[in-house]
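Only one structure is covered here, and it is reproduced in the block below.
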Amino acid sequence: MNTSADSIYTILQNLQIDHVLKQIAEKVLQNERITFDEGVLLYEKGELGFVGMLANYIRNKKHGNNTYFNRNFHVEPTNICVYTCKFCSYSRLIKNREQGWEYSIDDIINIVKKYDGQPVTEVHITGGVIPKQDFNFYIDLFKAIKAHRPDLHIKALTPVEYHYILKKAKMSYEDGMRAMKAAGLDSMPGGGAEIFDAAIRDEIAGGKCSAEEWLAIHEVAHQLGIPSNATMLYGHIEKYEHRIDHMERLRQLQDRTNGFNAFIPLKFRNQHNEMKHLPEATITEDLRNYAISRIYLDNFEHIKSYWAMIGRNTTQLSLNFGVDDVDGTIDDTTKIYAMAGSEEQHPAMSTRELVHLIKAVGRRPLERDTVYNVLQDYSNVVFEEDEKEKARMY
Ligand code: V47
Ligand code: SF4
């Protein structure tokens, strides 16, 4: 798709669309921020080709063909949870704890040790919330990981976990997050955001930290030099204005702190959870959502499509709809999406596969670390076809 500003102006002149949509397009081309109402209008009236053209224009202006991935693995310390989010296919209530797992610090260090000698750069840690995995547990865990492998970036826990842990420890967010950083926490993943609107949040994720608490913990983290990501769970009972409200609150926080690295829309998957009666969003809606996120969140550098959740084909398509990051190798270490019905039942991609996925749609694969320093450009890397290389996940 040709997305130079001039060619878009030419296309706009001949398009039979709402004049407000044309005004929005002109704003985007002039690098102006769009408003809440304009965001909602894009969802209501912006067809896939239209929003895709604008999002791709922004994506290419910011990143050219650059497309980022990393070498990571997950640790899910438990799938037992004191909360009962209706969309969650993964957690088991404390009363059914025999159906779940609960790792000790030693168990987790043994998982980390499996990657000794492998060039992974990040461990992503998140899971259920249980009293036993408290403040001291995570302080000791982060210290133990750093003692074993100081160069491994720890991207861990969401405000859902921090809010619970710090309340129990009777600590302020600031003191708690400072202690986590001192123990080895490097950044925070984007989970637990769901949808910020109070009524919808209460309906699907009642009881866990509020939108205000989620945002406050990220703000404190950013002030302490802990960067983070932000997600949005979409395609369930929320309306378009709730999606824009969610992004508006993120955009305002980002204006204050500039601490977010990436925005990650998460498509609601409907298997094995209490919301299984709801149909899933269509692929068209997924792509429109990526595109409108790219347009609305003008102060976010990166939009990520999480391939383990959305599948490889849609991930490839998303790279023309505003997305510039596809997450990482994962190595079959997360169960959240497989349990919710993702097509990726054992999510794992070698570096070679990720590079191929990105190159196949004409983009430039760059391995990054968690905070987007480029570690290697794979544009011209030819993988050896020998058995050793084939067998090597990383
Ligand atoms: O907060 C749970 C979501 C999130 C379902 O920061 C579901 O790099 C869809 O936040 N359908 C956790 N979504 C995962 C997450 C994440 C993933 C990848 C990368 C990063 C990052 C963060 O998963 C939860 C919740 O919103 N989730 N169940 C479901 N049925
Ligand atoms: Fe617990 Fe997280 Fe599942 Fe909610 S989404 S029930 S907080 S594991």
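When Ala156 is tested against (1) over 22 Å from Asn70 (Cα atoms); (2) within 16 Å of ligand 2 (Cβ to nearest atom), only condition (1) is not met. At pLDDT 95 or above, small (Gly, Ala, Ser) and within 18 Å of Met275 (Cβ to Cβ) - does that describe any residue in region 211-234? The answer is no; no qualifying residue exists. Please determine whether any residue of region 328-335 is within 16 Å of ligand 2 (Cβ to nearest atom) and within 17 Å of Glu285 (Cβ to Cβ). Looking through region 328-335, none of the residues is within 16 Å of ligand 2 (Cβ to nearest atom) and within 17 Å of Glu285 (Cβ to Cβ).
Among the residues of region 168-186, count how many are surrounded by fewer than 22 Cβ atoms within 10 Å (Cβ to Cβ) and either hydroxyl-bearing (Ser, Thr, Tyr) or part of a helix (DSSP H, G or I) (or both). Walk me through it before giving the result.
To start, the set of residues in region 168-186 that are surrounded by fewer than 22 Cβ atoms within 10 Å (Cβ to Cβ) comprises 168-175, 178-179, 181-184, 186.
Next, from what is left, pick out any that are either hydroxyl-bearing (Ser, Thr, Tyr) or part of a helix (DSSP H, G or I) (or both): 168, 172-175, 178-179, 181-183.
The total comes to 10.
Of all the numbered requirements in (1) surrounded by 23 or more Cβ atoms within 10 Å (Cβ to Cβ); (2) away from ligand 2 (no atom under 16 Å from the Cβ), Ile105 misses one, and that requirement is (1). State whether the residues of region 329-341 include one that is hydrophobic (A, V, I, L, M, F, W, C), assigned to a helix (DSSP H, G or I) and under 27 Å from Leu41 (Cβ atoms). Scanning region 329-341 turns up no residue that is hydrophobic (A, V, I, L, M, F, W, C), assigned to a helix (DSSP H, G or I) and under 27 Å from Leu41 (Cβ atoms). If you check Ile303, Ile295, Ile310 for being away from ligand 1 (no atom under 14 Å from the Cβ) and not hydroxyl-bearing (Ser, Thr, Tyr), only one passes: Ile295. Taking region 119-141, which residues are part of a loop (DSSP other than H, G, I, E, B), more than 24 Å from the chain's Cα centre (by Cα) and touching a residue at least 40 places away in the same chain (Cβ under 8 Å)? Within region 119-141, just Pro131 meets the criteria. Working only within region 239-283, note down all residues that are acidic (Asp, Glu) and either within 16 Å of ligand 2 (Cβ to nearest atom) or outside any loop (DSSP other than H, G, I, E, B) (or both). Within region 239-283, Glu241, Asp245, Glu248, Asp255, Glu274 qualify.
Being surrounded by 24 or more Cβ atoms within 10 Å (Cβ to Cβ) and within 16 Å of ligand 2 (Cβ to nearest atom) is a condition met by at least one residue of region 130-146.
Which pairs turn up if I take residues in region 313-327 that are free of Cβ contacts under 8 Å to residues at least 24 places away in the same chain and look for partners that are part of a helix (DSSP H, G or I) with beta carbon separation below 9 Å, at least 6 apart in sequence or on another chain? Short answer, once both residue conditions are applied: Asn313/Ile283. For region 168-227, filtering for residues that are in contact (Cβ under 8 Å) with a residue 24 or more places away in the chain, away from ligand 2 (no atom under 16 Å from the Cβ) and among the charged types (D, E, K, R) leaves 6.
The values are calculated or read from the model by the stated rules, or taken from the named source; none is laboratory data. All figures in this text were calculated on a predicted structure; none of them were measured in a lab. Ideal geometry is used to build each Cβ from the backbone, glycine not excepted, and the neighbour counts take in all protein chains shown.
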